[in-house]
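Written out below as structure tokens is the structure these notes cover.
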Amino acid sequence: MSGRLCCMVLRLNIDCYGCFRKLRRTLLNMKEIETHLIEKQQCKVSVCGRLRPSDVAIKIRKKMNRRVEILEINEVEDEQTEQNQITSQ
């Protein structure tokens, strides 16, 4: 997964502001995550970065002690890789 950018959506029960803060702190401490979006009302978390989806879900589950569901995973190639393929042709 080193060359690919991966975006994924997780479902996680976020009932209170304390859970929200703990989740945000956990996501900020993960170096492989570049961006994240926490939707508190829908209980969804979107993360993007150079990551393995299963590893991120396991880390969040261990830190939060809550069930985590992976709803969607999108793998995107880097712009640099695409530009290299275009120029080589």
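The values are calculated or read from the model by the stated rules, or taken from the named source; none is laboratory data. Small disclaimer: the values here were computed from a predicted structure and weren't measured. Using ideal geometry, Cβ is built from the backbone for each residue, glycine included, and neighbour counts are taken over all protein chains shown.
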**Message:** Can you find a residue that is loosely packed, with under 14 Cβ neighbours inside 10 Å, aliphatic (A, V, I, L, M) and either modelled with pLDDT under 95 or part of a helix (DSSP H, G or I) (or both) anywhere in segment 6-26?
**Reply:** no
**Message:** Go through segment 41-60 and report how many residues are more than 12 Å from ILE14 (Cα to Cα), free of Cβ contacts under 8 Å to residues at least 40 places away in the same chain and surrounded by 15 or more Cβ atoms within 10 Å (Cβ to Cβ).
**Reply:** 2
**Fill in**
Filtering segment 38-56 for residues that are in a strand (DSSP E or B) and touching a Lys or Arg at 6+ places or on another chain (Cβ under 9 Å) leaves a count of 4
**Message:** Here is a check on your reading of the model: is GLU39 under 17 Å from LYS63 (Cβ atoms), out of contact with any Asp or Glu (no Cβ under 6 Å at 6 or more places or on another chain) and of a type outside the set (Ser, Thr, Tyr)?
**Reply:** no
**Asked** Which of (1) surrounded by 12 or more Cβ atoms within 10 Å (Cβ to Cβ); (2) β-branched (Val, Ile, Thr); (3) assigned to a strand (DSSP E or B) is the odd one out, the single condition THR35 does not satisfy?
**Response** (1)
**Complete:** Filtering segment 57-72 for residues that are in a helix (DSSP H, G or I) and touching a helix residue (DSSP H, G or I) at 6+ places or on another chain (Cβ under 9 Å) leaves a count of 4
